[in-house]
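No lab work stands behind these numbers, since they all come straight from the coordinates. Since the model is a prediction, treat every value here as computed from it, not as a measurement. Here Cβ is always computed from backbone atoms with ideal geometry, including for glycine, and neighbour counts include all displayed protein chains.
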There are 2 protein chains.
Amino acid sequence: MCDACGCDLKPAHSHDSKVVEVHQSLLAANTAMAAKNRKHFDTMGAVVINMISSPGSGKTTLLEKTIETLGGDIRIGVIEGDIETDRDAERIRAKGVPVVQLTTGGACHLDAAQIHKGIHLLEKEKGGTEIDLLFIENVGNLVCPATFDLGEHHRMVLISVPEGPDKPAKYPKAFHSSQLFVITKIDILPYFDFPVEEATAEALQLNPELQVMALSATSGEGFEQWLDYLRKLCN
Amino acid sequence: MCDACGCDLKPAHSHDSKVVEVHQSLLAANTAMAAKNRKHFDTMGAVVINMISSPGSGKTTLLEKTIETLGGDIRIGVIEGDIETDRDAERIRAKGVPVVQLTTGGACHLDAAQIHKGIHLLEKEKGGTEIDLLFIENVGNLVCPATFDLGEHHRMVLISVPEGPDKPAKYPKAFHSSQLFVITKIDILPYFDFPVEEATAEALQLNPELQVMALSATSGEGFEQWLDYLRKLCN
């Protein structure tokens with residue numbers, strides 16, 4: 001277990017039965033709370049997507065553009081997760097949709113209990129009880145967030161072109177547990193060695209059920225496919 | 001307490017004394033092992049740098065270029081940390097220096113016990129006992145690795161231009177605990193909104209002792225400053 005955050009097991013100290021026991025009980029509590037959240041989301045009538053990626057892969061920019069283009073048709077809300085700062089929430093708020101910022105104060109992932117709190121805070125925001133599509137932007141971290149069910153209906157993993165195409169193989173859990181893999185920032189493909197087909201094939205090898213798409217929130221390339229995906233989820 | 005359903009609003013585990021106790025004991029064990037590693041490094045006569053960054057910030061590319069340009073003067077060795085795959089070690093091995101790949105099997109950071117194992121593996125590699133400068137390339141994660149002393153002498157944090165300039169404020173611990181902050185991939189500054197001065201100022205606000213430099217391992221811009229830094233460390 002990562003003693004910083006309670007996530008995955010197996011390094012040098014995995015043989016410590018006390019650690020394993022605490023870890024298992026934390027995860028069980030998280031799973032129970034996630035089930036509660038999922039019921040809450042269903043009652044709200046909101047489809048919920050958990051976004052997992054490295055720092056700087058373009059999650060917030062993708063959300064800004066999505067709200068701009070889809071916000072008239074689908075009522076969008078956002079729960080932002082960060083270790084520190086409310087900068088991402090400020091960016092989303094400027095787009096006129098209900099948003100809540102959760103700061104984890106050091107922890108490297110959101111957990112279901114934090115999201116539970118986030119739901120209640122969101123319901124106090126203007127429009128926060130009338131959301132069709134709720135995005136949870138997880139802490140920028142390709143590792144630990146993959147371990148924690150937040151009660152979402154769908155999970156997506158994002159890799160930006162500058163990060164390189166070897167990330168699925170290096171960070172398999174996020175790919176195993178997601179339904180959607182989005183390659184972002186494809187407008188800068190000419191400046192990087194990023195074979196999209198290779199990254200796609202690696203991801204599909206890990207999880208053949210994955211839907212894969214490549215887009216740029218800056219140039220708009222590939223964006224229609226993303227919007228269609230969201231429209232279908234909300235129908 | 002949540003008024004709606006009576007559950008605790010804090011993250012599930014932050015107040016659990018058993019969890020805190022286990023974490024403290026793991027961290028204490030890690031610190032003790034790190035001190036042991038540091039002594040081992042001193043006996044070897046090696047200066048050790050722990051590299052912390054997001055996935056895809058260019059750590060391995062920086063190492064490749066560093067070995068190419070400095071490898072004739074300074075004997076370099078590398079311990080690679082990844083969750084899965086030995087791809088980074090293969091890239092370093094191709095440069096002709098001793099290297100060991102540690103895979104954490106799910107864990108999001110290296111710990112001192114893994115590094116202890118890594119040292120012994122390194123000593124079995126050709127040239128592994130005659131290292132002046134040892135790089136530890138940590139798992140791609142800007143969060144948890146900052147919590148774990150590995151016994152290194154110096155710690156550096158890297159942010160690549162595509163990740164955006166807001167990372168110091170969002171991931172403060174890595175900046176608090178490092179001596180060096182390197183901004184990578186500056187050859188692509190023209191394509192991104194990345195004010196180097198702003199990112200530098202934010203980092204220095206968190207840690208006024210930080211040395212900051214900006215470079216590109218591709219174009220070579222700013223590289224001489226990096227090599228000078230390493231030469232001084234090894235003198």
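Some points to look at:
- Candidates A:81, A:128, A:105, ranked by Gaussian network fluctuation over chain A, Cα under 10 Å, top entry: A:105
- For chain A, the 222 nm mean residue ellipticity estimated from helices alone, with every DSSP H stretch of n ≥ 4 adding -39500 (n - 2.57) and the total spread over all residues, rounds to -12000 deg cm²/dmol.
- Counting only other chain Cβ atoms within 10 Å of each residue's Cβ, the peptide A:185-191 averages 2.
- Rounded to the nearest whole Hz, the Karplus-based 3J(HN,Hα) values (6.51 cos²θ - 1.76 cosθ + 1.60, θ = phi - 60°) of segment B:205-218 follow the sequence 5, 6, 8, x, 7, 4, 8, 10, 9, 10, 8, 10, 6, 7, with x at glycine and proline.
- Long-range HN-HN contacts of residue A:102 with modeled amide H, under 5 Å: A:80, A:81, A:82
- Phi to ³J(HN,Hα) by Karplus 6.51 cos²θ - 1.76 cosθ + 1.60 over segment A:23-28, Hz, x for Gly, Pro: 4, 5, 6, 5, 5, 5
- The Cβ shell under 13 Å around residue A:50 holds other residues with a net charge of -2, Lys and Arg each +1, Asp and Glu each -1.
- The fewest-to-most ranking of B:99, B:20 by surrounding Cβ atoms within 10 Å reads B:20, B:99.
- Separation of alpha-carbon centers, segment A:126-186 and segment B:86-122, rounded to whole Å: 27
- With 10 Å bins from 0: P(r) over chain B, alpha-carbon pairs, percent: 7, 31, 35, 18, 7, 2, 0
- In segment B:203-235, the GluC sites (Glu not before Pro) that fall in loop regions by DSSP, at most 15 other Cβ within 10 Å: B:209, B:221
- Residues in segment B:170-185 carry Karplus couplings, in order, of 7, 10, x, 4, 4, 7, 4, 9, 9, 9, 9, 10, 10, 8, 9, 6 Hz; the curve used is 6.51 cos²θ - 1.76 cosθ + 1.60 with θ = phi - 60°, and Gly or Pro positions show x.
- Cα lying deepest toward the dipole's positive end in the protein assembly as shown, options A:227, B:109, A:44, charges on Cβ: B:109
- Close amide-amide hydrogen proximity is noted between residue A:160 and A:184, each under 5 Å apart and 5 or more residues distant or on a separate chain (H modeled in the peptide plane; Pro and chain starts excluded).
- Distant-in-sequence amide contacts of residue B:211, defined by a placed amide H-H separation under 5 Å and a gap of 5 or more residues or a different chain, comprise B:180, B:181.
- Contact order for chain A, expressed relative to its length and based on alpha carbon pairs under 8 Å spaced 6+ residues apart, stands at 22 percent.
- Relative contact order of segment B:77-211, defined on C-alpha pairs under 8 angstrom at six or more residues apart (%): 21
- Segment B:41-123: relative contact order as a whole-number percent, Cα under 8 Å and 6+ apart: 24
- Label point of residue A:234 (7 Å along Cα→beta-carbon): distances to the other copies' equivalent points are 5.7 nm, sorted ascending.
- Between this copy and the others, label points of residue A:189 are 2.8 nm apart in ascending order, each placed 7 angstrom from Cα in the Cβ direction.
- For the protein assembly as shown, convex hull volume per residue from C-alpha positions, Å³: 136
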